[in-house]
Structures are given as C-alpha cells and as structure tokens.
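Visitor: Have a look at this one.
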Amino acid sequence: MDLPEVFRRLAEIGRQGLSESYGAGLGRMRPLLARLGQPQAAFPVVIVTGSKGKGSTATFLANLLQYSPKDGALPKIGLFTGPHLHTYRERIRLNGFMIEAGEFVALFEEIYQTARQAPDLGFISRFELLTILALVYFARQGVDLAVMEVGMGGIYDAVNIVENSPLAVFTPIELEHAAILGPTLADIVRHKSGIMRPDAQAVSSRQTPDVAGWLQTAAQTLNVDFHFARKSWNFQPGTLKVALEEGRFAQSFTATGPDSQDYLIKTRLAGTFQVENVLDALAAAALLQHQGLAGAPNPAALLQAALPGRFELAGENPVVLLDAAHTPNAIRELVQTLASLDVQPTWVLGFLKDKNIAEMLRLLPLENRPVFLTEVHSRRKADIQHVLDSFEQSPSSLTVAPTLAEALHEARKLAAKEPGGLVCLTGSLYLVAEARATLGLLDPATATEAHLIAEVEAL
C-alpha cells in the first residue's frame, strides 16, 4: 500500500458511519488487538473526555509530561487526538512529532490485513482502526505514557479499550451527540464517566453542579480518588492578558499552585476558555507525578503547546485570525476573547449543515461589519441559502463569495483599509483547514496529503 491507497480505504470505512458502530466496537477490537500483541496493555494511558476542550487539554498535558524529566531523563509521551485538520497523521504524535508517513502506511496495512484475515471480527470503524494504529505505534515505540482523547462519549469509545489507565481527565461536559449517547445530560455523563477505572484517580475542570455531582457519584461507586482542578490550581481573576508576540498570540495569567506559590502561566493558545484547560492539565500532571508516573510538571512547558486552527494568526497587513469554532459555546468564547482585545474584525464564515447555524449567527457581532459568506468544501456543507435563511436579521454588509479564496481576498482588501484591521475566519474546522492551505501555511508533504484526502472524501 501507499498513502493514497490508505486514504482511500479510510474514506471507504468512514462512509459506513459512526452511529452503527458505537457501542459494539470494544468487543470487536479485542480479538484484533490480541492478534497484534495486546498493545492496549503495554503502557499507561491517561484518557481525556468531555464536550469541549479535550484536544487542548490533552495537548497541554502531553507537553507538561514531555518536558518534565523523570529520573534524570525526558520521557517518551504519546498523544492521540482528533479530528485532524489536514492529515490523519496529525492525530498520532510522539513527543510532539507526527507519526512518519512510512510508519503510518506500514501499520495501517498490517492492521487492515490482519482484520481481513479474521472475517469473524466484523466491521471495524475508522476511529477504532486509527485508535488501534495509535496503540500499536505507541507500544512499539516504547512510550512511557500516552495521553489519548476519546472520540465520543467514553464507556463505549474505542480509546476506552486500554487496560492500564491510572488517571481519567474530564473537560466541561454538555449535552451533545444526543441521538447516540442519550437525550439527557445525565445520559451524557453516564457515558463519559465510564472512562474511570476502579481504585484509580480522576480530575475534572469546572462543571455545572449537576454534572459535578453525577461524576462524583460515579467515582465513589468505583472507589476513584476524584479531584477538581481548581482545588489545587486556583486562577486569580483579573490577571488574564492576551497580547501579540512575534506574530502569534500569547496568553498569560496567574494561578496559585498546590504549594501555595503563585505561577505566571503563559500559553500560545488564546481564549478565556483555555484557562480551564490549562488548570485541568496542570492538576492532571501533578497527580501523575504523585503516582510516580511523571516528573514534576514545569508550567513553562505549556508555551510549547500548539493547536493549528485554534485562535491562530496568519499573514500580516491585515492579519487573519483562524478559529475552528463550530458550536454556539465555542463561538461565544471566540467573541468574548475578541472583545477583550478590543477588535472589530471583517468576517469570513462557512458552516456544516448539521450544526446550530442560527444560534452561532445570533452570537456573532456582525452588525455594521463586513461579512463574507462562502461554502465549506465538504459533502456535509451548509449551502448558502440555508445559511441565509438562518439569519435573524441579515448583516448590513453581506457578500456571498463563490470560493473561500475569493472570500479571503476580498475580506483582506477591506480589512487592510482599517487601522489594525483584522479578518476573522470561523464556523467550521473544514473551513479553517482550507484557509490554512490557501494562505500557504502547510509544508509540501502535508499539503499533498490534505489534497489526497480531500479528493477521496469527495467521492
């Protein structure tokens, strides 16, 4: 096999859907993992679940662990996140570096052929296959520990196949995926609390009172030592600052640690919501240190964490802000952060049809600002008319652009006429991915892979 063939097969598997496989995957995965040497039992795994902030929290935690020496040496830390922006390889990292293309192809072919030789296993979903690939890769690389983000829910998620999970990490939990996980918030929490292991530990960011209570009850049932991050790391209100440094955002705030000392925390991931993610990661790292699985966390390592497409700046005169907010809450947080910077951007928007477009548009401060609307390059795109029908009141300056490239070109021309003009592009992960390619932010290999994936996904 080669990369194009791997991407084609992943696209074919992906078209078979998620809802059909969720809940049955763990039973199917075990026989396949047995044939691959039981990688799910080879190393400790921190499982991260929640409704938002999972990727940021997992990335922060992996960086804290990676740059915290243990027994005089830096550890090998695996990181598994999703979804990807440009290529599947982004999801699987070792000490910050993507799995090499050749290794990715070889492991995929091995797993794919092993599954085909055992037809009794049944259908393995795309996410299950990628999870297995990550587990095999981490095991063969001899990682000291891995941080793995669930895809959806928790108890039946493919990541929950791991056998040695000393710590469960919870980010804020909200009602989501109701058609699959259940119609109530209690249903969602029941699924997500399933990542906890008996007699292990868990840590959570701030939750609503109901969610916090349900999580604690689930923890008590399993004799889990449950912590809230804010009990050990206390954010000092009024200290949050966002600034531009060398063409990138730098966010800083002060937090009091478990040793009662004040720490200046700096990250490249801006947004008021990132405070919770950082504190969650710091508390998780401290618990792992106390378990003897990690060195003392160094908050300075947080500055190394990067998530392209999340409050990312590109270009100059004018600057383009790329943010993959695609839910009302994420849009709300984007708007709050922009307000703290006292900027009024020119907007470029595009959405998927299965998102709450009307609520997102209602939250965006579009009045009296130029707005460029375009379609996302995806089979799941919301067409222009659908978006137009979702406005409570159309902006006074609204332009429909046939392509994202044209929308960006015209938006930047307008923003360049304003002192400190800024273009903000948001609404969809797919839109941000295409914008990063259009703006020349991809290296040649990633650009080629992104193009190959887009071609097979469009079939």
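Visitor: Which one of these is among the charged types (D, E, K, R), crowded, with 17+ Cβ neighbours inside 10 Å and at pLDDT 95 or above: Arg93, Arg126?
Guide: Numbers: Arg126 fails: at pLDDT 95 or above.
None of the others qualify; the one that does is Arg93.
Visitor: Could you list, in sequence order, the residues of region 43-58 that are more than 16 Å from Ser204 (Cα to Cα) and either of a type in the set (A, V, I, L, M, F, W, C) or part of a helix (DSSP H, G or I) (or both)?
Guide: Within region 43-58, Phe43, Val45 meet the criteria.
Visitor: Might you let me know whether region 39-50 holds any residue that is in the same structural domain as Ala186 (by TED's automatic domain parsing), without any contact (Cβ under 8 Å) to a residue 60 or more places away in the chain, surrounded by fewer than 19 Cβ atoms within 10 Å (Cβ to Cβ) and over 21 Å from the mean Cα position of the chain (by Cα)? Reasoning before the result, please.
Guide: Of the residues in region 39-50, the ones in the same structural domain as Ala186 (by TED's automatic domain parsing) are 39-50.
Imposing the further condition that a residue be without any contact (Cβ under 8 Å) to a residue 60 or more places away in the chain reduces the set to none.
Looking through region 39-50, none of the residues is in the same structural domain as Ala186 (by TED's automatic domain parsing), without any contact (Cβ under 8 Å) to a residue 60 or more places away in the chain, surrounded by fewer than 19 Cβ atoms within 10 Å (Cβ to Cβ) and over 21 Å from the mean Cα position of the chain (by Cα).
Visitor: Now for a different question. Would you mind stating whether Phe372 is touching a helix residue (DSSP H, G or I) at 6+ places or on another chain (Cβ under 6 Å) and either aromatic (Phe, Trp, Tyr) or modelled with pLDDT under 90 (or both)?
Guide: Here the answer is yes, as Phe372 does meet what is asked.
Visitor: Identify, please: which residue in region 243-300 is surrounded by fewer than 19 Cβ atoms within 10 Å (Cβ to Cβ) and among the hydroxyl-bearing types (Ser, Thr, Tyr) and is, among those, nearest to Leu322 (Cα to Cα)?
Guide: Filtering region 243-300 for residues that are surrounded by fewer than 19 Cβ atoms within 10 Å (Cβ to Cβ) and among the hydroxyl-bearing types (Ser, Thr, Tyr), the one nearest to Leu322 (Cα to Cα) comes out as Thr272.
Visitor: For region 70-154, list the strands (runs of 3 or more DSSP E) that sit wholly inside it and hold at least 3 residues that are in the same structural domain as Ser56 (by TED's automatic domain parsing) and not charged (D, E, K, R); which are they?
Guide: Result: 77-80, 145-149.
Visitor: If we scan region 204-219, do we find a residue that is acidic (Asp, Glu) and closer than 24 Å to Ile77 by Cα?
Guide: Residues of region 204-219 acidic (Asp, Glu): 210.
Filter once more, so that each one left must be closer than 24 Å to Ile77 by Cα: none.
Within region 204-219 (the criterion being acidic (Asp, Glu) and closer than 24 Å to Ile77 by Cα), the answer is no, since none of the residues qualifies.
Visitor: Follow-up. Looking at Arg310, Arg332, can you tell me which residue is among the basic types (Lys, Arg) and not in a loop (DSSP other than H, G, I, E, B)?
Guide: Numbers: Arg310 fails: not in a loop (DSSP other than H, G, I, E, B).
None of the other options fit; the residue is Arg332.
Visitor: Let me ask another. So Leu404 ticks every box in (1) touching a Ser or Thr at 6+ places or on another chain (Cβ under 6 Å); (2) buried (at least 16 other Cβ atoms within 10 Å of the Cβ); (3) farther than 17 Å from Leu322 by Cβ but one. Which box is left unticked?
Guide: Every condition holds for Leu404 apart from (3).
Visitor: Where residues in region 51-61 are crowded, with 24+ Cβ neighbours inside 10 Å and of a type in the set (S, T, N, Q), which of them is nearest to Thr131 (Cα to Cα)?
Guide: The selected residue is Thr59.
Visitor: For the subset of region 163-181 comprising residues that are buried (at least 24 other Cβ atoms within 10 Å of the Cβ) and in a loop (DSSP other than H, G, I, E, B), which member is modelled with the lowest pLDDT?
Guide: Ile173
Visitor: Which residue is farthest from the chain's Cα centre (by Cα), if the candidates are limited to region 162-220 and must be among the charged types (D, E, K, R) and more than 30 Å from Leu32 (Cβ to Cβ)?
Guide: Top of the filtered list is Asp210.
Visitor: In region 197-301, which strands (runs of 3 or more DSSP E) lie fully inside it and hold 3 or more residues that are in contact (Cβ under 8 Å) with a residue 24 or more places away in the chain and in contact with a strand residue (DSSP E or B) (Cβ under 7 Å, 6 or more places away or on another chain)? Break it down into steps so the answer makes sense when it comes.
Guide: Details: elements: 201-204, 225-228, 241-245, 248-256, 262-267.
Correct list: 201-204, 225-228, 248-256, 262-267.
Visitor: List pairs: first in region 61-77 and touching a residue at least 12 places away in the same chain (Cβ under 8 Å) and closer than 11 Å to Asn298 by Cβ, second part of a helix (DSSP H, G or I) and not small (Gly, Ala, Ser), Cβ under 6 Å, 6+ apart or cross-chain?
Guide: Asn63/Gln304
Visitor: Filter region 78-108 down to the residues that are without any contact (Cβ under 8 Å) to a residue 12 or more places away in the chain and touching a strand residue (DSSP E or B) at 6+ places or on another chain (Cβ under 9 Å) and list them by number. Reasoning before the result, please.
Guide: Looking only at region 78-108, we keep the residues that are without any contact (Cβ under 8 Å) to a residue 12 or more places away in the chain, and these are 84, 90, 97-98, 100, 102, 106.
Result: Glu90, Met98.
Visitor: Continuing with this model, one more query. Search region 335-356 for residues being outside any loop (DSSP other than H, G, I, E, B) and free of Cβ contacts under 8 Å to residues at least 40 places away in the same chain, and hand back the single one that is surrounded by the most Cβ atoms within 10 Å (Cβ to Cβ).
Guide: Going through the qualifying residues, I end up with Val335.
Visitor: If you don't mind, another one. What helices (runs of 4 or more DSSP H), lying completely within region 387-459, carry at least 1 residues that are among the hydrophobic types (A, V, I, L, M, F, W, C) and in the same structural domain as Leu322 (by TED's automatic domain parsing)?
Guide: So the answer is 404-415, 429-438.
The values are calculated or read from the model by the stated rules, or taken from the named source; none is laboratory data. Everything quoted here is computed from the prediction, not taken from an experiment. Ideal geometry is used to build each Cβ from the backbone, glycine not excepted, and the neighbour counts take in all protein chains shown.
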